[in-house]
1. Could you list, in sequence order, all residues of the range 39-58 that are surrounded by 10 or more Cβ atoms within 10 Å (Cβ to Cβ), over 12 Å from the mean Cα position of the chain (by Cα) and of a type outside the set (Ser, Thr, Tyr)?
2. I'd like the full set of residues that are farther than 30 Å from Ser6 by Cα and not in a strand (DSSP E or B), limited to the range 28-62.
3. How many of the residues making up the range 1-22 are among the hydrophobic types (A, V, I, L, M, F, W, C) and modelled with pLDDT of 85 or more?
4. Can you list residue pairs whose Cβ atoms sit under 9 Å apart, with the first residue in the range 24-35 being over 16 Å from Gly47 (Cβ atoms) and the second being exposed (fewer than 12 other Cβ atoms within 10 Å of the Cβ)? Count only pairs 6 or more apart in sequence or on different chains.
5. Are any residues in the range 1-23 touching a residue at least 12 places away in the same chain (Cβ under 8 Å) and of a type in the set (A, V, I, L, M), and if so, which ones?
6. Can you run down the residue pairs with Cβ atoms below 7 Å, 6 or more apart or on separate chains, where the first is in the range 53-72 and within 10 Å of Val13 (Cα to Cα) and the partner is acidic (Asp, Glu) and at pLDDT below 90?
7. Report yes if Ser25 is farther than 25 Å from Gly7 by Cβ, at pLDDT below 85 and not in a loop (DSSP other than H, G, I, E, B), otherwise no.
Amino acid sequence: MVCDVSGVLYTEVQIAVHSVGICGSDVHYLTKGAIGDFVVNAPMLLGHESSGTVTKLGEGVTNLKVGKISFSCFICAIFLL
C-alpha cells in the first residue's frame, strides 16, 4: 500500500515517528491471542504508545506547533512535552 503524505487535511497532523512501544497488553495479545473475554479474531496492530516530532499541521489545528515533540497514550490523545 502506498500512502500520499505530501499534505494534511484541515484537522490533521503529520508526525515523524521516532519510536513506538508495546505494553503488557500487546505482549499478551501476541503470545496468548486474548486478554480475558477479548479474543483477537482479526489482524491487530500492536504498538500504540508512540512519540515523534510534529512536521505539518492542517489549517484547523491550533493547539500544536511544527517542531514540537509529541507522544500519545491511553486513548491516543496527543500531549505536548
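1. Val39, Val40, Met44, Val54, Lys56, Leu57, Gly58
2. First, the residues of the range 28-62 that are farther than 30 Å from Ser6 by Cα: 28-42.
Correct list: His28, Tyr29, Leu30, Thr31, Lys32, Gly33, Gly36, Asp37, Val40, Asn41, Ala42.
3. Pass one, the range 1-22, residues among the hydrophobic types (A, V, I, L, M, F, W, C): 1-3, 5, 8-9, 13, 15-17, 20, 22.
From what's left, modelled with pLDDT of 85 or more: 8-9, 13, 15-17.
Count: 6.
4. Gly33/Val39
5. Of all residues in the range 1-23, those touching a residue at least 12 places away in the same chain (Cβ under 8 Å) come to 7-23.
Val8, Leu9, Val13, Ile15, Ala16, Val17, Val20, Ile22, listed by residue number.
6. Taking only residues 6 or more apart or on different chains, the pairs are Gly58/Glu12.
7. Values: farther than 25 Å from Gly7 by Cβ: yes; at pLDDT below 85: yes; not in a loop (DSSP other than H, G, I, E, B): yes.
For Ser25, the condition - farther than 25 Å from Gly7 by Cβ, at pLDDT below 85 and not in a loop (DSSP other than H, G, I, E, B) - is met.
The values are calculated or read from the model by the stated rules, or taken from the named source; none is laboratory data. Just so it is clear, the model here is predicted, and its values are computed rather than measured. For neighbour counting, all protein chains shown are included, and Cβ atoms are generated from backbone atoms with ideal geometry for every residue, glycine included.
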